[in-house]
Amino acid sequence: MEVIILKEPHQIANKCADIFEQAIIEKNNAVLGLATGSTPMLLYKELVNRYERGRLSFRNVITFNLDEYVGLSPQHSQSYSYFMQKHLFEHIDISSRNTHLPDGIAENPIYESEKYEAKIRGCGIDLQLLGLGSNGHIGFNEPTSSLGSQTRIKTLTPQTVKDNSRFFTEGEFQPTLAITMGIGTITSAKRIVLLAIGKKKACAIKQAIEGPLSAWCPASALQMHPRTTFIIDEEAASLLKMKEYYRWVYEQQQQLTQRLGMP
Ligand code: F6R
């Protein structure tokens, strides 16, 4: 695991955008796993910025989102499909045929989950982006989710419903079910980048990186993944015991890449 601690949210977005850019340039039809929520918003802004400056094209890129609320149509302003259109897809040259999210209003959400899993397995994700729930969830894999789980319907915890209530207006229907990639689906990606910002994430970051491997903290499953990078701010890193070591490793690595003239 690589842990990169940066000061400002825009530095986190830029660093992550560099990793995305590298993945897109490296492979003509890169398959990206995407996330929603507050954390990736600056990253998407930076990717749009790089596209507008002619530095990046998404023409052949394929995307799969982590999750979608059960009961919300793609047109619903709180659906993750709508979020992706608004924050990324409608601003770049990606083909709508290449963007995938679970269908929140599928007649049979169980079948929809199986179909989504099969599509992901058929393509294989090159780079998966993750945010982190304050309870350690990744996607909507809440604590005690099987570490080998596949795409399926999950019931959100009251904590997650509360955390996400800020996106809904009072009295508006807020779903408590979601279709989410499983932890096994997520960890089948070749490379994973998890972003976390703020004090609210410090406890989950501590458990994910330095805690025991446990279904109690779904993000701890990333300890088993061969190529995961955590890019986090000082507040999210505040409870880490080894943070000076992570900083030192990153500095050494920066020096090495500079010396070798690597991007
Ligand atoms: C979003 C997702 C969630 C969020 C997490 C953090 O697609 O799957 O796991 O990444 O809840 O959300 P924010 O970034 O809003 O704190």
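The values are calculated or read from the model by the stated rules, or taken from the named source; none is laboratory data. Please read all numbers here as calculations on a predicted model, not as lab measurements. Here Cβ is always computed from backbone atoms with ideal geometry, including for glycine, and neighbour counts include all displayed protein chains. Protein only, heavy atoms only, side chains kept; ligands, DNA and RNA dropped before computing areas. Shrake-Rupley method; radii C 1.70, N 1.55, O 1.52, S 1.80 Å.
Tell me, what is the per residue accessible area of region 69-159 in Å², probe radius 1.4 Å?
So region 69-159 comes to 45 Å² accessible per residue, rounded to a whole number.
Which ³J(HN,Hα) values, rounded to whole Hz and listed in residue order, are derived for region 131-138 from phi using the Karplus coefficients 6.51, -1.76 and 1.60 in 6.51 cos²θ - 1.76 cosθ + 1.60 with θ = phi - 60°, glycine and proline given as x?
x, 9, x, 5, 9, x, 6, 10
Where a Cα-Cα gap under 12 Å defines reach, which aspartates and glutamates qualify for K243, not counting those fewer than 8 residues away within the same chain?
E2, E210, D233, E234, E235
If the chain between Q78 and M242 were fully stretched, how many nm would it gain, using 0.36 nm times the residue separation less the Cα-Cα distance?
Answer, rounded to one decimal: 55.2 nm.
Could you pull out every residue, at least 5 positions away or on a different chain, whose amide H is within less than 5 Å of the one on L56? Hs are placed 1.01 Å off N in the peptide plane, and Pro or chain starts have none.
Y51
Could you pull out the GluC sites (Glu not before Pro) across region 96-139 that fall in loop regions by DSSP (anything but H, G, I, E, B) with no more than 15 other Cβ atoms inside 10 Å?
When the GluC sites (Glu not before Pro) of region 96-139 are filtered for loop state and at most 15 Cβ neighbours within 10 Å, E107 remain.
How charged is the neighbourhood of T228? Take every other residue with its Cβ under 12 Å from the Cβ of T228, and add Lys/Arg as +1 and Asp/Glu as -1.
+2
Only Lys, Arg, Asp and Glu count, each charged at its Cβ (+1, +1, -1, -1), so figure out the dipole size of the chain about its Cα centre, rounded to 20 debye.
520 debye
How large is ³J(HN,Hα) for each residue in region 139-150, as worked out from phi by the Karplus curve 6.51 cos²θ - 1.76 cosθ + 1.60 (θ = phi - 60°), to whole Hz, x for Gly and Pro?
My calculation for region 139-150 gives x, 10, 7, 7, x, 6, 5, 4, 6, x, 5, 10 Hz in order.
Using only alpha carbon pairs under 8 Å that are at least six residues apart, calculate the relative contact order of the chain and give it in whole percent.
24 percent
Roughly how many percent of the accessible protein surface of region 2-260 is carbon and sulfur, given a 1.4 Å probe and a whole-percent answer?
Answer for region 2-260 is 52 percent, counting heavy atoms of protein chains only.
With the cut-off at 30 Å, tell me which of the pairs K86/K119; K86/K241; K15/K200; K27/K199; K86/K154 have Cα atoms farther apart than that.
K86/K241; K27/K199
Starting with the highest mean, order 166-175, 32-41, 88-97 by the number of other Cβ atoms within 10 Å, averaged over the residues of each peptide.
32-41, 88-97, 166-175
Classify the chain from the C-alpha gyration tensor, please: rounded if a/c falls under 1.5, else prolate or oblate depending on whether a/b exceeds b/c.
Oblate, since a/c reaches 1.5 and b/c is not below a/b.
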